[in-house]
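Worksheet: one structure, shown below.
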Amino acid sequence: MALITVRQLTKEYVRTKAVQGRFGTLRTLFTREKERTLAVDHIDFSIDEGEVVGYLGPNGAGKSTTIKLLTGVLWPTSGTVEVAGPGGPVVPWRDRQNLARRIGVVFGQRSQLWWDLPLIESFTLVAALYDVPAPRYTSNLARLRKLLELDPFLHTPVRQLSLGQRMRGDLAAALLYDPPLLYLDEPTVGLDVLAKETVRGFVDESNRSGRTTVLLTTHDLADVERLCRRILLIDHGRVLYDGAVDGLVARFAPYQEVLVRLDGDQPDGDRLDLGGFSGEREHDGRWRFRVGRDEPVHRLLAAAGDGWQIRELSVVESNLESVVKELYRERRDG
Amino acid sequence: MRRALRGYRAYVRAAVAIRLQYRITIFASAAVTLLWILLVTRVWSAAYQGRDTVAGLSRESTVVYLTLASLQAIVINSPLMWIMAARVRSGEVVFDISRPLGYPGQMLALQAGTSVTQIAVTLLVVPLAGLIGGLSGPAGLAAGLLYPVALLLGWMLNGLLSLLIGLTAFWTVENTGIAVLYRFVAAFLAGASVPLVFFPAPLRAVADALPFRYIVYQPAAIYIGQVNGPAARDGFVVAAGWIVLLSGLTALVWRQAYRRTVVHGG
């Protein structure tokens with residue numbers, strides 16, 4: 001059964017248009033001209049209990065807005081969201097306080113921890129806000145301290161923590177009250193390789209042992225490869241793809257790339273036809289060919305006899321990163 | 001209910017802890033208040049020019065009033081309005097809204113925590129304030145008993161008004177101007193530096209018609225015996241009425257603010 005059901009969800013931001021030119025700032029104060037941006041445009045999806053879903057899209061695609069709508073922080077322009085629960089389905093913005101106890105939220109770009117207080121104070125405060133009984137708080141904190149290695153900075157004021165430490169603190173705060181649903185908005189942004197691995201390991205563990213359902217936005221596709229079986233790809237507020245990670249690669253990159261370096265004299269120009277494949281010159285002098293997954297690469301090799309000698313050849317499998325890069329580029333150019 | 005109370009209490013405790021991190025600010029503001037008491041009591045004493053009573057208020061009573069009023073006016077200087085605006089501006093308001101507690105209640109709990117710290121410091125400097133300005137006991141037993149009640153009503157009014165001003169940040173993002181204006185108008189019309197009895201009639205009518213007078217004037221005037229009996233009782237009724245009205249208005253404004261929330265950045 002679906003835990004989250006999103007139907008035709010739409011959010012339009014309206015803001016006063018700034019007037020350019022002479023006395024622009026002053027005229028802006030009195031202008032009535034509005035600028036409308038559709039951040040989320042009639043999207044539909046649903047997420048089952050126990051899933052870890054990667055919510056991807058270029059900057060400004062509408063990811064954060066969606067998360068804020070799902071958590072009930074923002075009020076949508078139209079459409080609806082239902083989160084299943086023991087007391088029946090809940091619409092986030094209508095029953096925000098009730099839903100709040102069942103969701104954990106981490107926004108990588110900001111922190112819910114109290115900047116001026118030692119980290120542990122934020123935890124006791126969160127426990128009180130979410131009414132966590134003392135024994136459960138003690139056992140949860142012990143588990144989180146171990147998993148996220150919080151002990152070295154548990155009594156340090158949050159403002160003195162490194163980004164990685166702060167993020168671990170934020171994750172702990174978000175899971176202190178055992179929410180069955182976790183929204184992570186760029187939880188690994190700005191973290192080093194080791195800190196990223198700690199965060200990923202922790203999310204994986206929470207999903208496996210705690211059955212926590214996770215919706216994750218990120219620009220680091222290693223997060224997705226490590227954690228998610230399913231991807232929701234959005235851009236300009238619309239869902240471009242909803243399905244398995246492998247499916248995305250197969251659908252949007254049904255080819256592999258072959259890099260070829262030629263011996264001796266190089267052909268003129270930036271394009272080269274070889275065995276019926278068209279190649280483009282790379283910066284390093286190699287030639288890049290796209291070969292369909294069912295097309296035989298050996299035709300390229302066989303073509304080598306036609307005057308060009310192949311010195312070096314490598315096949316690059318399309319992966320999530322290359323596909324997503326390609327998709328973002330197409331969207332931007334188109 | 002019990003659940004929510006636990007949450008609000010935690011907010012009050014956190015606000016106290018946060019304020020205590022900035023002890024220098026607390027003591028600096030206490031020093032400013034003492035300096036203000038020194039200036040305002042000297043100026044008003046001089047204004048009496050040897051007369052015993054002006055507008056029904058003796059020189060001694062005026063000095064006690066001004067000392068008390070200056071101490072009470074500290075609550076008007078709450079950082080709540082800036083905190084709210086700063087969190088809207090940075091987008092951290094996203095966390096306040098996603099808590100399982102009401103936003104206005106959370107903000108009032110923050111205000112309460114701040115006030116607890118301010119009151120503790122104020123109590124510490126009361127003897128000094130008495131030396132610099134002038135203090136005496138309350139005008140009588142009734143005055144002594146009614147004074148804390150009047151203070152509590154005044155605190156609630158100021159909390160609600162600050163909250164309403166803070167909520168403007170959801171429309172304007174930056175509300176420093178509005179907040180500065182509020183502090184100035186509130187402190188003046190509350191009678192923080194001039195007892196309301198000295199106001200010219202039209203200004204007095206304005207001050208009487210607005211809720212600010214219950215924040216500073218009413219409690220201090222009760223203490224010195226300037227307001228007593230039926231006048232004090234009527235004052236309580238009107239103050240309570242304002243509290244009900246402003247609570248309703250706050251709920252209404254918050255509902256609008258929530259519907260138009262924009263979380264800035266990322």
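The values are calculated or read from the model by the stated rules, or taken from the named source; none is laboratory data. Source: prediction; values computed, not measured. Here the Cβ positions follow ideal geometry from the backbone for every residue, glycine too, while neighbour counts run over all protein chains shown. The accessibility values were calculated without ligands, DNA or RNA, using every heavy atom of the protein model including side chains. Shrake-Rupley method; radii C 1.70, N 1.55, O 1.52, S 1.80 Å.
Of all residues in the range A:162-181, those being farther than 12 Å from A:V199 by Cβ and within 14 Å of chain B (Cβ to nearest Cβ) number 6. Within the span defined as the range B:83-92, every residue fails to be within 16 Å of B:L157 (Cα to Cα), open to solvent by 20 Å² or more (accessible area, probe 1.4 Å) and in contact with a helix residue (DSSP H, G or I) (Cβ under 7 Å, 6 or more places away or on another chain). If the condition is being buried (at least 23 other Cβ atoms within 10 Å of the Cβ), within 11 Å of chain B (Cβ to nearest Cβ) and part of a loop (DSSP other than H, G, I, E, B), then the range A:59-72 contributes A:T71, A:G72. For the range A:136-153, does any single residue satisfy the condition of being part of a loop (DSSP other than H, G, I, E, B), open to solvent by less than 20 Å² (accessible area, probe 1.4 Å), in contact (Cβ under 8 Å) with a residue 24 or more places away in the chain and assigned by TED's automatic domain parsing to the domain that holds A:P86? Scanning the range A:136-153, I find at least one residue that is part of a loop (DSSP other than H, G, I, E, B), open to solvent by less than 20 Å² (accessible area, probe 1.4 Å), in contact (Cβ under 8 Å) with a residue 24 or more places away in the chain and assigned by TED's automatic domain parsing to the domain that holds A:P86, so the answer is yes. Of the strands (runs of 3 or more DSSP E) lying entirely inside the range A:232-334, the ones with 3 or more residues being over 30 Å from A:T66 (Cα atoms) are found at A:255-262, A:271-274, A:277-281, A:287-292, A:310-316. Report yes if B:R59 is within 14 Å of another protein chain (Cβ to nearest Cβ) and among the basic types (K, R), otherwise no. So B:R59 does not fit the description; no.
Looking across the range B:1-28 at every residue that is in contact with a helix residue (DSSP H, G or I) (Cβ under 7 Å, 6 or more places away or on another chain) and β-branched (V, I, T), the one that is modelled with the lowest pLDDT is identified as B:I26. Highlighted here are the helices (runs of 4 or more DSSP H) found entirely within the range B:157-266 that include at least 1 residues which are within 14 Å of chain A (Cβ to nearest Cβ), buried (at least 17 other Cβ atoms within 10 Å of the Cβ) and in contact (Cβ under 8 Å) with a residue 60 or more places away in the chain: B:169-172, B:229-259. Residue count for the range B:97-123 under the criterion of being within 18 Å of B:L252 (Cα to Cα) and either surrounded by fewer than 20 Cβ atoms within 10 Å (Cβ to Cβ) or of a type outside the set (F, W, Y) (or both): the result is 8. Selection within the range B:112-143: residues that are free of Cβ contacts under 8 Å to residues at least 60 places away in the same chain and part of a helix (DSSP H, G or I). The member of this set that is nearest to the chain's Cα centre (by Cα) is B:S115.
Restricting attention to the range A:162-174, the residues that are open to solvent by 10 Å² or more (accessible area, probe 1.4 Å) and out of contact with any helix residue (DSSP H, G or I) (no Cβ under 6 Å at 6 or more places or on another chain) add up to 4.
Restricting attention to the range A:205-231, the residues that are within 16 Å of A:K146 (Cβ to Cβ) and at pLDDT 95 or above add up to 0.
Somewhere in the range B:48-55, is a residue among the polar types (S, T, N, Q), more than 14 Å from chain A (Cβ to nearest Cβ) and on the phi > 0 side of the Ramachandran plot?
Looking for residues that are among the polar types (S, T, N, Q), more than 14 Å from chain A (Cβ to nearest Cβ) and on the phi > 0 side of the Ramachandran plot, one finds at least one in the range B:48-55, hence yes.
For the range A:76-83, the criterion of a residue being surrounded by fewer than 19 Cβ atoms within 10 Å (Cβ to Cβ), away from chain B (no Cβ under 14 Å) and at pLDDT below 95 is satisfied by no position.
Go through the range A:86-106 and report how many residues are in contact (Cβ under 8 Å) with a residue 40 or more places away in the chain, open to solvent by less than 10 Å² (accessible area, probe 1.4 Å) and either more than 9 Å from chain B (Cβ to nearest Cβ) or not in a strand (DSSP E or B) (or both). Within the range A:86-106, residues that are in contact (Cβ under 8 Å) with a residue 40 or more places away in the chain, open to solvent by less than 10 Å² (accessible area, probe 1.4 Å) and either more than 9 Å from chain B (Cβ to nearest Cβ) or not in a strand (DSSP E or B) (or both) number 2. Filtering the range B:1-38 to residues that are more than 13 Å from every other protein chain (Cβ to nearest Cβ) and either among the small types (G, A, S) or open to solvent by 90 Å² or more (accessible area, probe 1.4 Å) (or both) leaves B:I24, B:F27, B:A28, B:S29, B:A30, B:A31, B:V32, B:L35, B:W36. Within the range A:1-58, the set of residues being open to solvent by 100 Å² or more (accessible area, probe 1.4 Å) and charged (D, E, K, R) comprises A:R7, A:R15, A:R22, A:R27, A:R32, A:E33, A:K34, A:R36, A:E49.
The set of residues in the range B:205-240 that are more than 17 Å from the chain's Cα centre (by Cα) and among the small types (G, A, S) comprises B:A205, B:A209, B:G225, B:G229, B:A231, B:A232.
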